[in-house]
Amino acid sequence: MLKRSRILVVAALCALAGPVLAQPKTISLWHPFTLETDMIYGGIKAFNESQSEYRIDPRIVPGPQMDSELIKAIASGSVPDLVTLDNPVVASFSAQGTLTDLTDRISKSTTIKPDVYFKGPWASGLWKQRIFAVPRDANTLALCYNADMFKAKGLDPDKPPKTWTELLDAAKALKDPAKNVYGFGFSAVQAEEGVFQFLPFLHQAGGAIDKLDAPEATEALTFWADMVKDGIASRDVINQRQYEVTNTFMAGNAAMVMCGPWELPRLQKEAKFEWRLALLPVKAGKDIAASSLGGYDWVVPKGAKNADGAFRFIEFMSDPKILNEGWKTGRLAPRTDVTVTDPLWPQAYGIYRKQLESARARGPHPQWPEISRAIQIAMQEAITGTKPANTALADAARKIKPILAKTPL
(Lines give C-alpha, C1' and ligand atoms only; values in the text may rest on other atoms or scores of the structure.)
Protein backbone atom coordinates (compact mmCIF):
# COMPACT_ATOMS: atom_id res chain seq x y z
CA MET A 1 0.00 0.00 0.00
CA LEU A 2 2.89 2.36 0.88
CA LYS A 3 4.58 1.68 -2.45
CA ARG A 4 1.37 2.48 -4.35
CA SER A 5 1.08 5.80 -2.47
CA ARG A 6 4.60 6.81 -3.46
CA ILE A 7 3.81 6.12 -7.11
CA LEU A 8 0.69 8.28 -6.90
CA VAL A 9 2.67 11.15 -5.31
CA VAL A 10 5.32 11.02 -8.03
CA ALA A 11 2.63 10.99 -10.71
CA ALA A 12 0.93 13.98 -9.13
CA LEU A 13 4.20 15.95 -9.00
CA CYS A 14 4.88 15.22 -12.65
CA ALA A 15 1.40 16.41 -13.57
CA LEU A 16 1.97 19.67 -11.69
CA ALA A 17 5.31 20.21 -13.41
CA GLY A 18 3.67 20.07 -16.84
CA PRO A 19 5.09 18.48 -20.00
CA VAL A 20 8.85 17.88 -20.23
CA LEU A 21 10.39 20.39 -22.69
CA ALA A 22 12.20 18.83 -25.64
CA GLN A 23 15.94 19.41 -25.65
CA PRO A 24 17.24 21.36 -28.67
CA LYS A 25 19.00 19.35 -31.35
CA THR A 26 22.74 19.95 -31.44
CA ILE A 27 24.29 21.19 -34.67
CA SER A 28 28.02 20.49 -34.71
CA LEU A 29 29.91 23.25 -36.51
CA TRP A 30 33.57 23.30 -37.54
CA HIS A 31 35.19 26.64 -38.33
CA PRO A 32 38.72 28.18 -38.25
CA PHE A 33 37.92 31.68 -36.97
CA THR A 34 39.84 32.53 -33.80
CA LEU A 35 39.09 36.25 -33.63
CA GLU A 36 36.10 36.78 -31.37
CA THR A 37 35.18 39.81 -33.47
CA ASP A 38 34.43 37.52 -36.42
CA MET A 39 30.73 37.55 -37.31
CA ILE A 40 30.41 33.83 -36.61
CA TYR A 41 30.52 34.40 -32.84
CA GLY A 42 27.72 36.94 -32.75
CA GLY A 43 25.80 34.83 -35.25
CA ILE A 44 25.98 31.69 -33.11
CA LYS A 45 24.82 33.57 -30.03
CA ALA A 46 21.95 35.26 -31.86
CA PHE A 47 20.84 32.03 -33.53
CA ASN A 48 20.83 30.06 -30.28
CA GLU A 49 18.78 32.78 -28.60
CA SER A 50 16.34 33.17 -31.49
CA GLN A 51 14.78 29.70 -31.31
CA SER A 52 14.71 26.59 -29.15
CA GLU A 53 14.77 23.81 -31.76
CA TYR A 54 18.52 23.84 -32.47
CA ARG A 55 21.71 24.77 -30.69
CA ILE A 56 25.06 25.35 -32.39
CA ASP A 57 28.00 23.46 -30.89
CA PRO A 58 31.13 25.03 -32.45
CA ARG A 59 34.62 23.60 -32.70
CA ILE A 60 37.60 25.60 -33.91
CA VAL A 61 39.69 23.66 -36.44
CA PRO A 62 42.81 25.51 -37.69
CA GLY A 63 42.51 26.38 -41.37
CA PRO A 64 45.49 24.28 -42.57
CA GLN A 65 44.03 21.23 -40.80
CA MET A 66 40.41 21.60 -41.90
CA ASP A 67 40.62 19.55 -45.10
CA SER A 68 42.45 16.62 -43.51
CA GLU A 69 40.17 16.62 -40.46
CA LEU A 70 37.10 16.54 -42.67
CA ILE A 71 38.56 13.73 -44.78
CA LYS A 72 39.13 11.70 -41.59
CA ALA A 73 35.59 12.39 -40.40
CA ILE A 74 34.15 11.29 -43.74
CA ALA A 75 36.22 8.10 -43.68
CA SER A 76 35.06 7.27 -40.15
CA GLY A 77 31.41 7.97 -40.95
CA SER A 78 31.13 10.55 -38.18
CA VAL A 79 30.89 13.95 -39.81
CA PRO A 80 29.99 17.35 -38.36
CA ASP A 81 26.70 18.89 -39.43
CA LEU A 82 28.23 22.05 -40.83
CA VAL A 83 31.70 23.17 -41.97
CA THR A 84 33.23 26.39 -43.31
CA LEU A 85 35.60 25.45 -46.14
CA ASP A 86 38.12 27.60 -48.01
CA ASN A 87 36.28 28.09 -51.29
CA PRO A 88 38.83 26.59 -53.75
CA VAL A 89 38.61 23.15 -52.09
CA VAL A 90 34.81 22.89 -52.20
CA ALA A 91 34.84 21.39 -55.71
CA SER A 92 37.10 18.55 -54.58
CA PHE A 93 34.68 17.43 -51.86
CA SER A 94 31.67 18.02 -54.15
CA ALA A 95 33.09 15.86 -56.93
CA GLN A 96 33.78 13.03 -54.49
CA GLY A 97 30.12 13.01 -53.46
CA THR A 98 30.90 13.82 -49.83
CA LEU A 99 28.80 16.98 -49.52
CA THR A 100 25.04 17.39 -49.27
CA ASP A 101 23.44 18.75 -52.43
CA LEU A 102 21.73 21.98 -51.32
CA THR A 103 20.04 22.78 -54.64
CA ASP A 104 16.50 21.84 -53.63
CA ARG A 105 16.74 23.55 -50.24
CA ILE A 106 17.99 26.73 -51.87
CA SER A 107 15.18 26.69 -54.44
CA LYS A 108 12.71 26.91 -51.52
CA SER A 109 14.68 29.42 -49.46
CA THR A 110 13.41 32.96 -49.06
CA THR A 111 16.82 34.15 -47.81
CA ILE A 112 19.31 32.57 -50.20
CA LYS A 113 18.78 33.49 -53.84
CA PRO A 114 21.58 32.87 -56.38
CA ASP A 115 20.93 36.10 -58.26
CA VAL A 116 21.77 38.32 -55.25
CA TYR A 117 25.32 36.95 -54.98
CA PHE A 118 28.42 38.19 -56.73
CA LYS A 119 29.29 35.88 -59.62
CA GLY A 120 32.68 34.72 -58.29
CA PRO A 121 31.61 33.72 -54.76
CA TRP A 122 28.50 31.91 -56.00
CA ALA A 123 30.48 29.98 -58.64
CA SER A 124 32.77 28.59 -55.93
CA GLY A 125 29.94 26.43 -54.58
CA LEU A 126 28.76 24.96 -57.89
CA TRP A 127 29.60 21.60 -59.33
CA LYS A 128 27.94 20.21 -62.47
CA GLN A 129 25.06 22.69 -62.25
CA ARG A 130 24.26 21.67 -58.67
CA ILE A 131 24.78 23.76 -55.53
CA PHE A 132 26.95 22.25 -52.81
CA ALA A 133 27.96 25.37 -50.88
CA VAL A 134 26.75 28.82 -49.93
CA PRO A 135 29.30 31.66 -49.68
CA ARG A 136 29.89 32.84 -46.10
CA ASP A 137 32.21 35.73 -46.93
CA ALA A 138 34.53 36.86 -49.68
CA ASN A 139 37.85 38.57 -50.16
CA THR A 140 39.92 39.68 -53.08
CA LEU A 141 43.04 41.68 -53.94
CA ALA A 142 43.63 45.35 -54.63
CA LEU A 143 46.63 47.68 -54.90
CA CYS A 144 47.74 49.15 -51.59
CA TYR A 145 50.09 52.12 -51.84
CA ASN A 146 52.02 54.52 -49.62
CA ALA A 147 50.61 57.99 -50.32
CA ASP A 148 53.48 59.67 -48.44
CA MET A 149 56.05 58.01 -50.71
CA PHE A 150 54.05 59.09 -53.75
CA LYS A 151 54.22 62.70 -52.63
CA ALA A 152 57.93 62.46 -51.79
CA LYS A 153 58.71 61.20 -55.30
CA GLY A 154 56.53 63.78 -57.03
CA LEU A 155 53.72 61.36 -57.85
CA ASP A 156 50.06 62.27 -57.34
CA PRO A 157 48.52 59.96 -54.71
CA ASP A 158 45.10 60.90 -56.07
CA LYS A 159 46.07 59.27 -59.37
CA PRO A 160 47.33 55.75 -58.64
CA PRO A 161 48.42 53.59 -61.59
CA LYS A 162 45.58 52.22 -63.69
CA THR A 163 47.55 50.16 -66.22
CA TRP A 164 50.53 47.81 -66.14
CA THR A 165 52.63 50.47 -67.83
CA GLU A 166 51.68 53.08 -65.25
CA LEU A 167 52.34 50.55 -62.47
CA LEU A 168 55.80 49.87 -63.85
CA ASP A 169 56.60 53.57 -64.27
CA ALA A 170 55.42 54.39 -60.73
CA ALA A 171 57.34 51.44 -59.27
CA LYS A 172 60.54 52.60 -60.99
CA ALA A 173 60.08 56.13 -59.63
CA LEU A 174 59.35 54.87 -56.13
CA LYS A 175 62.27 52.43 -55.99
CA ASP A 176 65.01 53.74 -53.70
CA PRO A 177 67.87 51.23 -53.24
CA ALA A 178 69.71 53.56 -50.85
CA LYS A 179 66.79 53.30 -48.43
CA ASN A 180 66.06 49.63 -49.21
CA VAL A 181 62.72 50.57 -50.79
CA TYR A 182 61.25 48.49 -53.61
CA GLY A 183 58.63 49.94 -55.92
CA PHE A 184 56.26 46.98 -55.88
CA GLY A 185 55.70 43.89 -53.75
CA PHE A 186 53.77 40.66 -54.27
CA SER A 187 53.81 37.07 -53.08
CA ALA A 188 55.24 34.49 -55.46
CA VAL A 189 55.76 31.87 -52.76
CA GLN A 190 55.47 28.21 -53.79
CA ALA A 191 52.06 27.86 -52.17
CA GLU A 192 48.45 28.68 -52.93
CA GLU A 193 49.03 32.28 -51.83
CA GLY A 194 51.44 32.81 -54.71
CA VAL A 195 48.95 31.56 -57.30
CA PHE A 196 46.24 33.68 -55.67
CA GLN A 197 48.33 36.77 -56.36
CA PHE A 198 49.46 35.74 -59.87
CA LEU A 199 46.04 34.88 -61.32
CA PRO A 200 44.87 38.51 -61.66
CA PHE A 201 47.82 39.22 -63.98
CA LEU A 202 47.17 36.03 -65.97
CA HIS A 203 43.53 36.95 -66.51
CA GLN A 204 44.24 40.64 -67.17
CA ALA A 205 46.60 39.59 -69.96
CA GLY A 206 43.77 37.59 -71.52
CA GLY A 207 45.30 34.31 -70.40
CA ALA A 208 43.64 31.25 -68.93
CA ILE A 209 44.59 28.31 -66.74
CA ASP A 210 43.86 25.86 -69.55
CA LYS A 211 46.09 27.86 -71.94
CA LEU A 212 49.27 28.37 -69.94
CA ASP A 213 51.39 27.70 -73.05
CA ALA A 214 49.81 30.68 -74.85
CA PRO A 215 51.60 34.04 -75.29
CA GLU A 216 49.21 35.82 -72.91
CA ALA A 217 50.30 33.67 -69.98
CA THR A 218 53.96 34.20 -70.84
CA GLU A 219 53.43 37.96 -70.96
CA ALA A 220 51.90 37.96 -67.46
CA LEU A 221 54.65 35.88 -65.85
CA THR A 222 57.39 37.76 -67.69
CA PHE A 223 55.99 41.02 -66.30
CA TRP A 224 56.54 39.67 -62.78
CA ALA A 225 59.93 38.09 -63.50
CA ASP A 226 61.29 41.25 -65.13
CA MET A 227 60.33 43.38 -62.14
CA VAL A 228 62.40 41.11 -59.91
CA LYS A 229 65.29 40.98 -62.41
CA ASP A 230 65.33 44.78 -62.64
CA GLY A 231 65.25 45.27 -58.87
CA ILE A 232 61.81 46.89 -58.89
CA ALA A 233 60.49 44.02 -56.76
CA SER A 234 62.56 42.11 -54.23
CA ARG A 235 63.88 38.66 -55.04
CA ASP A 236 62.43 37.69 -51.67
CA VAL A 237 58.96 37.55 -53.27
CA ILE A 238 59.63 33.86 -53.95
CA ASN A 239 59.68 33.24 -50.19
CA GLN A 240 57.22 35.83 -48.89
CA ARG A 241 53.69 34.93 -47.94
CA GLN A 242 51.02 37.59 -48.27
CA TYR A 243 51.32 38.51 -44.59
CA GLU A 244 55.06 39.07 -45.03
CA VAL A 245 54.56 41.17 -48.16
CA THR A 246 52.28 43.45 -46.13
CA ASN A 247 54.99 43.53 -43.44
CA THR A 248 57.45 44.98 -45.96
CA PHE A 249 54.86 47.60 -46.89
CA MET A 250 54.24 48.63 -43.29
CA ALA A 251 57.99 48.73 -42.62
CA GLY A 252 58.44 51.18 -45.51
CA ASN A 253 60.38 48.74 -47.68
CA ALA A 254 57.78 48.51 -50.44
CA ALA A 255 55.88 51.49 -51.85
CA MET A 256 53.07 49.43 -53.41
CA VAL A 257 51.85 45.89 -52.75
CA MET A 258 49.02 43.56 -53.58
CA CYS A 259 46.91 43.34 -50.48
CA GLY A 260 43.70 41.72 -49.25
CA PRO A 261 41.03 43.26 -46.98
CA TRP A 262 41.95 40.94 -44.11
CA GLU A 263 45.02 43.15 -43.60
CA LEU A 264 43.04 46.34 -42.96
CA PRO A 265 42.74 46.00 -39.16
CA ARG A 266 46.50 45.79 -38.68
CA LEU A 267 47.24 48.44 -41.32
CA GLN A 268 44.96 50.76 -39.38
CA LYS A 269 46.71 49.92 -36.12
CA GLU A 270 50.36 49.64 -37.14
CA ALA A 271 51.06 51.67 -40.31
CA LYS A 272 52.86 54.95 -39.55
CA PHE A 273 52.04 56.63 -42.86
CA GLU A 274 49.07 57.42 -45.07
CA TRP A 275 48.03 54.33 -46.99
CA ARG A 276 45.38 54.03 -49.66
CA LEU A 277 43.77 51.41 -51.91
CA ALA A 278 43.22 51.33 -55.66
CA LEU A 279 41.80 48.86 -58.14
CA LEU A 280 44.40 46.51 -59.60
CA PRO A 281 45.94 48.06 -62.73
CA VAL A 282 44.85 46.41 -65.99
CA LYS A 283 46.81 45.70 -69.17
CA ALA A 284 46.26 48.53 -71.64
CA GLY A 285 44.64 47.31 -74.83
CA LYS A 286 43.07 44.35 -73.05
CA ASP A 287 41.36 46.34 -70.28
CA ILE A 288 40.24 43.19 -68.49
CA ALA A 289 39.31 43.87 -64.87
CA ALA A 290 40.22 40.77 -62.88
CA SER A 291 41.18 39.73 -59.39
CA SER A 292 41.34 36.53 -57.37
CA LEU A 293 38.55 35.33 -55.13
CA GLY A 294 39.09 34.14 -51.59
CA GLY A 295 36.77 33.45 -48.70
CA TYR A 296 34.87 30.67 -47.00
CA ASP A 297 31.79 28.68 -47.98
CA TRP A 298 29.22 26.89 -45.84
CA VAL A 299 28.98 23.16 -46.62
CA VAL A 300 26.94 20.33 -45.08
CA PRO A 301 28.81 17.00 -45.22
CA LYS A 302 26.81 14.08 -46.54
CA GLY A 303 25.63 11.98 -43.60
CA ALA A 304 25.16 14.97 -41.28
CA LYS A 305 22.65 14.12 -38.55
CA ASN A 306 21.05 17.55 -38.58
CA ALA A 307 21.28 18.73 -42.19
CA ASP A 308 17.99 20.64 -41.91
CA GLY A 309 19.18 22.50 -38.82
CA ALA A 310 22.54 23.19 -40.45
CA PHE A 311 20.83 24.74 -43.47
CA ARG A 312 18.64 26.80 -41.19
CA PHE A 313 21.78 28.25 -39.62
CA ILE A 314 23.24 28.93 -43.08
CA GLU A 315 20.11 30.92 -43.88
CA PHE A 316 20.43 32.80 -40.59
CA MET A 317 24.07 33.67 -41.30
CA SER A 318 23.22 34.73 -44.85
CA ASP A 319 20.94 37.50 -43.67
CA PRO A 320 22.29 40.94 -44.72
CA LYS A 321 22.21 42.13 -41.09
CA ILE A 322 24.68 39.40 -40.12
CA LEU A 323 26.82 39.87 -43.23
CA ASN A 324 27.12 43.56 -42.44
CA GLU A 325 29.22 42.62 -39.42
CA GLY A 326 31.87 40.89 -41.52
CA TRP A 327 33.54 44.12 -42.62
CA LYS A 328 34.67 44.79 -39.04
CA THR A 329 37.37 42.19 -39.64
CA GLY A 330 37.89 42.97 -43.33
CA ARG A 331 35.53 40.31 -44.70
CA LEU A 332 33.37 41.28 -47.65
CA ALA A 333 29.75 40.23 -47.95
CA PRO A 334 29.34 37.83 -50.91
CA ARG A 335 25.94 39.33 -51.73
CA THR A 336 25.33 42.33 -53.98
CA ASP A 337 22.39 43.50 -51.85
CA VAL A 338 24.55 44.10 -48.77
CA THR A 339 26.01 47.59 -48.48
CA VAL A 340 27.74 48.46 -45.22
CA THR A 341 26.52 51.78 -43.89
CA ASP A 342 29.25 54.05 -42.49
CA PRO A 343 31.94 51.37 -42.94
CA LEU A 344 35.31 51.28 -41.28
CA TRP A 345 37.96 52.23 -43.87
CA PRO A 346 35.36 53.65 -46.32
CA GLN A 347 37.84 54.28 -49.15
CA ALA A 348 39.15 50.73 -48.94
CA TYR A 349 35.62 49.32 -48.70
CA GLY A 350 34.58 50.98 -51.95
CA ILE A 351 37.65 49.66 -53.76
CA TYR A 352 37.37 46.09 -52.52
CA ARG A 353 33.63 45.90 -53.18
CA LYS A 354 34.18 47.12 -56.73
CA GLN A 355 37.09 44.70 -57.19
CA LEU A 356 34.88 41.84 -56.01
CA GLU A 357 32.76 42.30 -59.13
CA SER A 358 35.67 40.97 -61.22
CA ALA A 359 37.03 38.43 -58.71
CA ARG A 360 37.20 34.92 -60.16
CA ALA A 361 36.87 31.64 -58.29
CA ARG A 362 39.93 29.40 -58.52
CA GLY A 363 38.72 26.56 -60.71
CA PRO A 364 36.31 25.39 -59.51
CA HIS A 365 37.99 22.04 -60.08
CA PRO A 366 38.28 18.90 -57.91
CA GLN A 367 42.02 18.72 -58.57
CA TRP A 368 42.74 22.38 -58.01
CA PRO A 369 45.70 21.68 -55.66
CA GLU A 370 47.52 19.80 -58.45
CA ILE A 371 46.75 22.53 -60.99
CA SER A 372 47.89 25.20 -58.55
CA ARG A 373 51.11 23.32 -57.78
CA ALA A 374 52.10 23.26 -61.46
CA ILE A 375 51.60 27.03 -61.68
CA GLN A 376 53.56 27.58 -58.46
CA ILE A 377 56.57 25.74 -59.86
CA ALA A 378 56.43 27.72 -63.12
CA MET A 379 56.34 30.99 -61.19
CA GLN A 380 59.37 30.06 -59.14
CA GLU A 381 61.34 28.87 -62.17
CA ALA A 382 60.69 32.04 -64.16
CA ILE A 383 61.37 34.47 -61.31
CA THR A 384 64.61 32.75 -60.26
CA GLY A 385 65.75 32.53 -63.89
CA THR A 386 65.90 28.75 -63.83
CA LYS A 387 63.78 28.67 -66.99
CA PRO A 388 62.35 31.29 -69.34
CA ALA A 389 58.73 32.09 -68.54
CA ASN A 390 57.41 30.47 -71.72
CA THR A 391 59.29 27.23 -71.08
CA ALA A 392 58.23 27.09 -67.42
CA LEU A 393 54.60 27.67 -68.35
CA ALA A 394 54.72 25.12 -71.19
CA ASP A 395 55.93 22.55 -68.66
CA ALA A 396 53.07 23.50 -66.35
CA ALA A 397 50.59 23.19 -69.22
CA ARG A 398 51.81 19.65 -69.93
CA LYS A 399 51.24 18.67 -66.30
CA ILE A 400 47.78 20.20 -66.25
CA LYS A 401 46.60 18.93 -69.65
CA PRO A 402 45.78 15.32 -68.58
CA ILE A 403 43.97 16.63 -65.49
CA LEU A 404 41.78 18.91 -67.58
CA ALA A 405 41.25 16.23 -70.21
CA LYS A 406 39.42 14.16 -67.59
CA THR A 407 37.59 17.07 -65.99
CA PRO A 408 37.56 20.37 -67.91
CA LEU A 409 37.30 23.66 -66.09
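Rg then Dmax, both in Å and based on the Cα atoms of the chain: 24.9, 103. Relative to the dominant Cα principal axis of the chain, helix 192-204 is inclined by about 60°.
Computed on segment 252-362, the Cα convex hull volume stands at 151 Å³ per residue. Taking every C-alpha pair closer than 8 Å and separated by at least 6 residues, the mean separation divided by the residue count of the chain gives a relative contact order of 26 percent. A Förster distance of 25 Å, applied to the separation of the beta-carbon atoms of residue 162 and residue 208, puts the FRET efficiency at 0.60.
Counting Lys and Arg as +1 and Asp and Glu as -1 over every other residue whose Cβ lies under 9 Å from the Cβ of residue 318, the net charge comes to 0.
When 153, 162 are compared by accessible area of protein heavy atoms, the largest-first order is 162, 153, using a 1.4 Å probe.
Annotation: residue 117 carries an accessible surface of approximately 20 Å², with a 1.4 Å probe and no ligand, DNA or RNA atoms counted. Across q = 0.25 Å⁻¹, segment 161-211 modelled as identical point scatterers on its alpha-carbon atoms has Debye log10 I(q)/I(0) values of -1.00, in the order of the q list.
Accessible surface computed residue by residue for segment 303-359, with neighbouring protein chains in place and a 1.4 Å probe, gives 45 Å² per residue. When 49, 36 are compared by accessible area at a 1.4 angstrom probe, the order from most to least is 36, 49. Based on the convex hull around the alpha carbon atoms, segment 151-269 presents an average projected area of 7.8 nm².
In the chain, the longest principal axis of the Cα atoms and the axis of helix 164-174 are about 70 degrees apart. With the contact rule set at Cα under 8 Å and sequence spacing of 6 or more, what percent relative contact order holds for segment 99-138? Reported relative contact order: 44 percent.
How much of the accessible area of the chain, probe 1.4 Å, is carbon plus sulfur, in whole percent? With neighbouring chains kept in place, the figure for the chain is 54 percent. Rolling a 1.4 Å probe over the protein heavy atoms gives segment 21-105 an accessible area of 49 Å² per residue. In this simple spin-label approximation, residue 347 and residue 407 carry label points 7 Å from Cα along the Cα→Cβ vector, and these lie 4.3 nm apart.
Along the Cα-to-C-beta direction of residue 230, a point sits 7 Å from the Cα; which residues of segment 379-403 have their amide N less than 17 Å from that point? Flagged as within label range: 383-385, 389.
Relative to the longest principal axis of the Cα atoms of the chain, helix 307-317 runs at roughly 50 degrees.
The values are calculated or read from the model by the stated rules, or taken from the named source; none is laboratory data. Nothing here was measured: the structure is a model prediction, and the numbers come from that model. FYI the Cβ positions are ideal-geometry reconstructions off the backbone, even for glycines, and counts take in every protein chain you see. Remember, those area values only see protein heavy atoms, side chains included, never the ligands or the DNA or RNA. Shrake-Rupley method; radii C 1.70, N 1.55, O 1.52, S 1.80 Å.
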